[in-house]
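Working notes, structure below.
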Amino acid sequence: MKIREVVDALERFAPLPLQESFDNAGLQTGLTEVEVSGALLCLDVTEKVVDEAIALGCNLIVSHHPLIFHALKRISDENDVQRTVMKAISNKITVVSMHTNMDNARGGVNFKIAEKLSMQNCSFFAEKQVDGIECGSGVVGILPEPLAADDFIVTLKSVFDVECVQCNQLLRRPIRKVAVCGGAGSFLLDSAIKIGADAFLTGEMHYHEYFGREQQIQIAVIGHYQSEQYTNEIFESIIKDACPGVKTYLTKTNTNPIIYL
């Protein structure tokens, strides 16, 4: 099976037109008309991830975050992105990224977060249509049972393996309806309040965005990496369903650059 067939399967699930205007999803490096020897699935592409692909015999890396996000004016050893691009090309490894198109797709990043919390009746909020495709940057659903705010936070720490959760004042009512947006989702906070969500779960927010929401909604920020860490499971499911026989590997390289001391 050719790499192009794997890429086509991924893009059928999360078409590239669903990506935001600032994004650079899709093919990053390499060739697609070659036989796929294996696919390494990850959140970020770093030199260590490319080394992992080489060790596994994979000539395809599928990432969530694009390797090339900002335009490159040269390819040298000047920084980590350029070095990673050079290493991928020199080892004939194709890199493909499914970023905000996978955020916005039905069954994508936010549906996976909701699945991890066993949320029910999930649907888009702040919904939109792109090329006739229903999509959205956030998902809202219902927890299996109402939780007190402190129990909700404990659940998040367990499910997403986080050392701490950034919150506003703990809500003094049960949490049942939850809005989620992986990554940097603060732009959806007002929309989450408008739809009557009890809690808003995201990966990162700015300091001033926490103000004035006390007892309005429970804000829970778990970290950008932590909120999107299960995206590679989506890639794995797509490839296994559409391209049986292609070897897939979930990366064992933790690329989170933030540590908690």
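Structure notes:
- Residue in region 149-158 that is touching a Lys or Arg at 6+ places or on another chain (Cβ under 9 Å) and of a type outside the set (D, E, K, R) present: yes
- Every test in (1) over 25 Å from K128 (Cβ atoms); (2) assigned to a helix (DSSP H, G or I); (3) among the hydrophobic types (A, V, I, L, M, F, W, C); (4) more than 17 Å from the chain's Cα centre (by Cα) is passed by I239 save one, and that test is (4).
- Answer residue from region 39-60, given it is assigned to a helix (DSSP H, G or I) and not β-branched (V, I, T) and is surrounded by the most Cβ atoms within 10 Å (Cβ to Cβ) among those: A53
- Here the condition is being part of a helix (DSSP H, G or I), of a type in the set (A, V, I, L, M, F, W, C) and either closer than 21 Å to R176 by Cα or within 21 Å of the chain's Cα centre (by Cα) (or both); of A114, A88, it holds for A114 alone.
- Taking the criterion of being out of contact with any Cys (no Cβ under 9 Å at 6 or more places or on another chain), farther than 21 Å from V7 by Cα and touching a residue at least 40 places away in the same chain (Cβ under 8 Å), the residues of region 88-118 that qualify are K116, L117.
- Residue check, A192 modelled with pLDDT of 95 or more and in contact with a helix residue (DSSP H, G or I) (Cβ under 9 Å, 6 or more places away or on another chain): no
- Of the residues S76, S63, the single one that is without any contact (Cβ under 8 Å) to a residue 40 or more places away in the chain, open to solvent by less than 40 Å² (accessible area, probe 1.4 Å) and closer than 20 Å to P257 by Cα is S63.
- Restricting region 130-160 to residues that are of a type in the set (S, T, Y) and in contact (Cβ under 8 Å) with a residue 12 or more places away in the chain, the residue that is most open to solvent (accessible area, probe 1.4 Å) is T155.
- Looking only at region 79-110, and only at residues there that are over 13 Å from F235 (Cα atoms) and small (G, A, S), the one that is least open to solvent (accessible area, probe 1.4 Å): A88
- Top-ranked residue in region 191-208 [being surrounded by 15 or more Cβ atoms within 10 Å (Cβ to Cβ) and hydroxyl-bearing (S, T, Y); ranked as farthest from I219 (Cα to Cα)]: S191
- Scanning region 129-154 for residues that are assigned to a loop (DSSP other than H, G, I, E, B) and of a type in the set (A, V, I, L, M) yields a total of 1.
- Residue count for region 161-170, restricted to those that are under 22 Å from the mean Cα position of the chain (by Cα), outside any strand (DSSP E or B) and surrounded by 14 or more Cβ atoms within 10 Å (Cβ to Cβ): 2
- Scanning region 117-128 for residues that are buried (at least 18 other Cβ atoms within 10 Å of the Cβ) and either outside any strand (DSSP E or B) or among the basic types (K, R) (or both) gives L117, M119.
- Residues of region 17-37 that turn out to be in contact with a strand residue (DSSP E or B) (Cβ under 7 Å, 6 or more places away or on another chain) and exposed (fewer than 15 other Cβ atoms within 10 Å of the Cβ), as a count: 5
- Of all residues making up region 171-190, the number that are open to solvent by less than 40 Å² (accessible area, probe 1.4 Å), part of a helix (DSSP H, G or I) and not hydrophobic (A, V, I, L, M, F, W, C): 1
- When F235 is tested against (1) aromatic (F, W, Y); (2) over 24 Å from L147 (Cα atoms); (3) open to solvent by 20 Å² or more (accessible area, probe 1.4 Å), exactly one condition is not met: (3).
- Test: I68 is in contact (Cβ under 8 Å) with a residue 40 or more places away in the chain and touching a strand residue (DSSP E or B) at 6+ places or on another chain (Cβ under 6 Å): yes
The values are calculated or read from the model by the stated rules, or taken from the named source; none is laboratory data. These figures come from a predicted structure and were not determined experimentally. In this analysis, Cβ positions are derived from the backbone assuming ideal geometry, glycine residues included, and neighbour counts consider all displayed protein chains. In case anyone asks, the SASA skips ligands and DNA or RNA and just uses the protein heavy atoms, side chains included. Shrake-Rupley method; radii C 1.70, N 1.55, O 1.52, S 1.80 Å.
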